[in-house]
1. Restricting attention to segment A:14-26, report how many residues are acidic (Asp, Glu) and either facing another protein chain (nearest Cβ under 10 Å) or closer than 22 Å to A:Val116 by Cβ (or both).
2. Would you confirm whether any residue within segment C:256-263 is touching a Leu at 6+ places or on another chain (Cβ under 9 Å) and either surrounded by fewer than 24 Cβ atoms within 10 Å (Cβ to Cβ) or assigned to a helix (DSSP H, G or I) (or both)?
3. Return yes or no: is C:Leu674 outside any helix (DSSP H, G or I) and within 10 Å of another protein chain (Cβ to nearest Cβ)?
4. A:Arg209 passes all but one of (1) more than 14 Å from chain C (Cβ to nearest Cβ); (2) basic (Lys, Arg); (3) touching a residue at least 40 places away in the same chain (Cβ under 8 Å); which number fails?
5. Where residues in segment B:83-113 are without any contact (Cβ under 8 Å) to a residue 40 or more places away in the chain and within 14 Å of chain C (Cβ to nearest Cβ), which of them is surrounded by the fewest Cβ atoms within 10 Å (Cβ to Cβ)?
6. C:Arg198 is checked against (1) under 30 Å from C:Asn693 (Cβ atoms); (2) of a type outside the set (S, T, N, Q); (3) part of a loop (DSSP other than H, G, I, E, B) and fails just one. What number does that condition carry?
7. Tell me which helices (runs of 4 or more DSSP H) are completely within segment D:52-138 and hold 2 or more residues being charged (D, E, K, R) and in contact (Cβ under 8 Å) with a residue 12 or more places away in the chain, or say none if there are none.
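The values are calculated or read from the model by the stated rules, or taken from the named source; none is laboratory data. Predicted model, so just to flag it, every value in this text is computed and none were measured. With ideal geometry, Cβ positions are generated from the backbone for all residues, glycine too; neighbour counts draw on all protein chains shown.
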Amino acid sequence: MIPAAFDYVRPADIGEALRILKEREGEAKVLSGGYSLLPLLKLRLAQPALLVDIQALGGLDGISRTDDDMRIGARATHRRILEDDGLAAVLPIMRDAAGGIGDPQIRNWGTIGGSVAHADPAADWPAVLQALHASIVLRSAGGERVVPARGFFIDTFQTGIEATEILTEIRIPLPAPRSGGSYQKLERRAGDFSTVGAAVQMTLGGDGRIAQLGIGLTAVGDAPFAATHAEDALRGAKPGDEMFREAAAAASRQSRPADDSHGPAEYKRAMVTEMTFRALRAAFGRALA
Amino acid sequence: MEFSGAVDIPATRDHVFAFVTDPNRVGACGPGVESIEVIDATHFRAKAKVGVGFITARFVVDLEITEQRAPDMAIIKARGQAPGSAVDALGRMNLVDGAEPGTTTMLWAAEVNLSGMLASVGARMVEGTANKMIGQAFDCMRAKIVAEG
Amino acid sequence: MTTETEPRTSAAIGGMGHSVKRKEDPRFIRGAGEYIEDVVLPGMLWMDIVRTPYAHATIKSIDASEALKIPGVLAVITGADLEKAGLHWMPTLAGDKQMVLPTTTVMYQAQEVAAVVATNRYAAADGVAAVFVDYEPLPVIVDPHKSLRPDAFVLRPDRGPDKANNHIWHWESGDKAATDAALAAAEVRVSEDIYIPRIHVASIETCGCVADWDAVRGQLTLHMTSQAPHAIRTVLALVSGLPEQNIRVKTHDIGGGFGGKVPVYPGYVLAVVASLTVGKPVKWIEDRSENLQADSFARDYHIHAELGATKAGKITSLKVKTIADHGYTDAAADPSKFPAGLFNVITGSYDFPNAFVEVDGVYTNKPPGGVAYRCSFRVTEAVHAIEQMVDILAHDIGKDPAQLRMENFIQPEQFPYKTPTGWEYDSGNYGVALQKAMDMIGYADLRKEQAEKRARGELMGIGISSFTEIVGAGPSKDFDIIGIKMFDSCEIRVHPTGKVTARIGVQSQGQGHETTFAQIIAEELGFDTDTAPYGLGTYASRSTPVAGAATAMASRKILDKARKIAAHLLECAEDDLDWEPGKFTVKGSPDRFKTIQEISFAAYTNHPQGMEAGLEAVDYYDPPNLTFPFGSYICVVDIDKTTGQVTVRRFVAVDDCGNIINPMIVDGQIHGGLTMGFAPALYESITYDELGNNQAGTFMDYLLPTAVETPRWETGKTITPSPHHPIGAKGVGESATVGAPPAIVNAVVDAMWHLGVRKIDIPMTPQKVWAILHEKGVA
Amino acid sequence: MTTQHVKVTVNGEVREADVEPRLLLVHLLRENFGLTGTHVGCDTSNCGACTVHVNGMSAKSCTMLAVQADGAEVKTIEGMANGAALHPLQQGFWDQHGLQCGFCTPGMIMQSAWLLEQNPDPSEDEIRLGISGNLCRCTGYVNIVKAIQQAAGELRAADAAPVASVTAS
């Protein structure tokens, strides 16, 4: 499999990259790790005229903490996220998700920004960012804008990124005390895309009830989405298996899976229930710990 | 894959029928259509760039109105070919008077078959995408007919 | 029968029974193997192939004008071009015919439609994308049952008015009347439909070749990755009209074959045509999607089996009716007299008098089927059926499946044993192998654990498979492929310095022939060797049973002559000499001896008067019978009720492949075979939608197991030498692929039997298992 | 067609080529540089036969462009042995019969080498997860795991040995 021809540039700084994107608006495609994009280029399902490789752009691959949030550079690889103990201590869900993506080589090179911008409905990060109420930082020649992850994923392979923008950072609000999260992924085999993935981030209030909650689902809609019905059912509720089961069923009802080689829609809906239940339980366990 | 639906259009059946059987007018509503070539009254060839997000394929689409009865119904056959992939569609459209005088309800049904590479590797995104494209096409037709007045 | 043997030779000689490290490995571990894609010839061009998106369509026109404008694109070859030279059809090994390129109609998705020749692979790929083919789609048949209906359209009108339907052949074996009578009289009858889907060998190296036509010498050299270079040469000669001696087929290192590199694919012929057309070497390497969509497939057997037995569990009869889906042409590589291969070995390891098997081959709009997947000629399909049927019978009458097998096995004293479908099993000792497997896995304790778990609502299952394989095709009275007898040969030449060259007729695809054939010679003669190929190819695990025997027999001819020379050198009678690997010693005088090296030198310098100089021999081995390796496998699975996921917790494999040449290599073959049995049981299958689109055209959907899922295989051996084989060996490369799937299926069914589940077809995907559990109200 | 100049340090040696931007790294290595030990098995980054190290990280060279590797250090199977002395992983694969057809072996060895750099004493589970991006069709992985375990032991022993004795050997 051979890609169709394209041009390639590797700008040295973000200003240059943004200038090129502006000049070649609509023809240029940002290249990060390449593990999502290259298979599509080789299948000739994508034929951009120009690839803008952002590997030389400095300062985009760090993981840092501010008073309010965790900031993950768009070029942070899955492996870097997997191995960051500080991040895992605050947001163990990030380690859950990073460890399940692809295989070691893919984790070495694939980046969170690349995956988020690519917006494959079966990719794991988008659902996790729904659960975490994360924000996405987009830079253009005109400046920077910060958009919520909820609403960012418009459709299959479509996001709110403009053709002249580069995704530079993911921001995740620091969880309050008594918080926990979990990502539960069902795959057919190691390294496979998710059949279903469920991301849950939960914060318990002083009364032991669920104070804050986010649930994101992978691979059961045209785009990853937040299971808002389940969230509504649980917010303010007393956590427990029965409640979790009900909420998981609500998540399942809200999902819109398609039949494919991972299974028929009926199976996937049942798996949404199961994976969401597991994630709720695990998140609750972590919130208590 | 089978799709169907109904669209209410604030125009007469004659007007709607004339629009949807005129390639130069309806053509622009085809998903990703870049050019239309009219071969004869019932045969057209379109070039279209179809896809989702940045995933696209360029198709050469041959269209044929295989049956028509103005201003009630028409059947259109389409065959699109791209390297390694092909799409075949059979669309049937029935026009009935709408609830309001001077309006039309278009009842449509389409059978879409995808062959080749897209069907093999793209199955998980095809149905949703096709559904959306069809929806967009009808929205477009409605808007254009309204705009024509 | 024994369970272990002491090597007869020293470790320094490294004959049979030694785990000699492989001679071929140093090049592989350094990245210095030479696979087909590594072959680069001066001036070499690249070919890429235009393929149809439609599974069945008329070609209205092909427009190559845009492709020819692309820099680097030199030629586009279509079916019309081939038709002018009569090259558009070629014979298959099964006596059917296959298109090289279609002239009017494409028959399956991804079939070759045109070939683009260019100066490099990137330009060739661009050329492929620029060829515009105008198709008119036709109706598609993917279901062989529909294909057999009287109102079905005829897929292959080219076969003429006499064969105006989609039925290819009918084949049967056994006594129908006696079987019907026995079934009618049976106290217990069990019947099931068992489907074995299409699967693909998917060796990690895809197929490809470099065709090199030398117009000056009139010589065609085809470099390729093929298990059967000689069959390829014959087909090329038939298609091209070139005399066979002007065609040289050169194989290189083969990156896995498993049967998928036996057939002649259109791409090979196209590369040859391209080289003839442009006068330069042309390379064609298929990509993975082409490999998964267009190469020949295995299995696709729709089996209906019925078993009769007494209430006590004594099997009395078996009747099997099967539809074999061969795609649009029968391109199977079975021996010509066996269109359904050795499928009638389906009576398995059991002693009962009545059996009848029939198989019907059918055309559909799919690529050619019927090639092996690491299995001898449909034996996997047979074992899959009988081993499941035996388990179902056991469950139905409430008897432990191990016990039922023990009570029905052919007993050791019954060998040679004539089966009701005509095979003569040379040897076997099935009960001992099963008992060993049960002991290794702790069978009784597992059954206890299962009962406890079941009481708690957990799903755990234990599955057994006690298979009999049949390998070593074969005796030339029965076995040929397009007329070529399936004997194999070995030519051994001992050089004056005591170095040995052996030329054998089989092609290694990773089994370590360079090593094991050297070991046979070491065993027989006491020295190390190098080998090079000549013969019909490796399929059906026939290397050791046939070429290995030839090697031993040629060695023995050499030994006979060596003895004469030794007697001459030691000035004694031949009868006064004792042989041990490596030297002849005068009886009673341990200090009077000649080493094989000394004898080798003398063979050229000091041989007896009147004896021809040199030390060499050729043997064409025509086996008197096949060999019948066997084994018993036990598998333990746990099923996650909520997701339908099956986990193989343990898997014990006890194999009996007779005398073992290299234990390390044998274990490696078994591990690999088990994994290729595990894969289709749980993961792999090629399915088609109703338009004939292949739904598993990349490794994203055709799921080869990784190291994570693959069970940690536990292996054991029993040794029952083949009585008619010169070294008592049988062949082992495929046994595990044959034996493993039913053990896994039986374990999964065993886990769910109490819920009313009688059977489940492979692959047992989570969604399939979940759907069953859901239907039973458990998930 | 436009070409771009790339300069890559392969197995310690600086190599240069003018390439189309779409050229895959694996083709640069195999066809421009003649390093055919790196193989292509699947095209969709599933099989790992094309695994090499780029800047010390294991990568699938069929899913990377040559131009992306411009300026990088690349290590391939051809760079693993030190003259006649095999790398412990190469020795391990040979000793433990960790290969049959040998086609996946270079990628498998390169991925294992990266794994052992990250984790010198992996458990069997960690080894199996560590090579989950590399498919083998022949061996059933049992002997591959053993080969990696053998090499891990050898590499640890070499690390633990006093420096003097290493240089003396």
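1. Matching residues across segment A:14-26 total 1.
2. no
3. No: the conditions fail for C:Leu674.
4. Every listed condition holds for A:Arg209 apart from (3).
5. Once the filter is applied, the top-ranked residue is B:Leu90.
6. Just one mismatch for C:Arg198, condition (3).
7. Output list reads D:124-130.
Condition check ((1) within 12 Å of chain C (Cβ to nearest Cβ); (2) of a type outside the set (D, E, K, R); (3) crowded, with 24+ Cβ neighbours inside 10 Å) across all residues:
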| residue | (1), (2), (3) |
| --- | --- |
| A:Glu242 | no, no, no |
| A:Ala248 | yes, yes, yes |
| A:Ser252 | no, yes, yes |
| A:Arg269 | yes, no, no |
| A:Leu280 | no, yes, yes |
| A:Gly285 | no, yes, no |
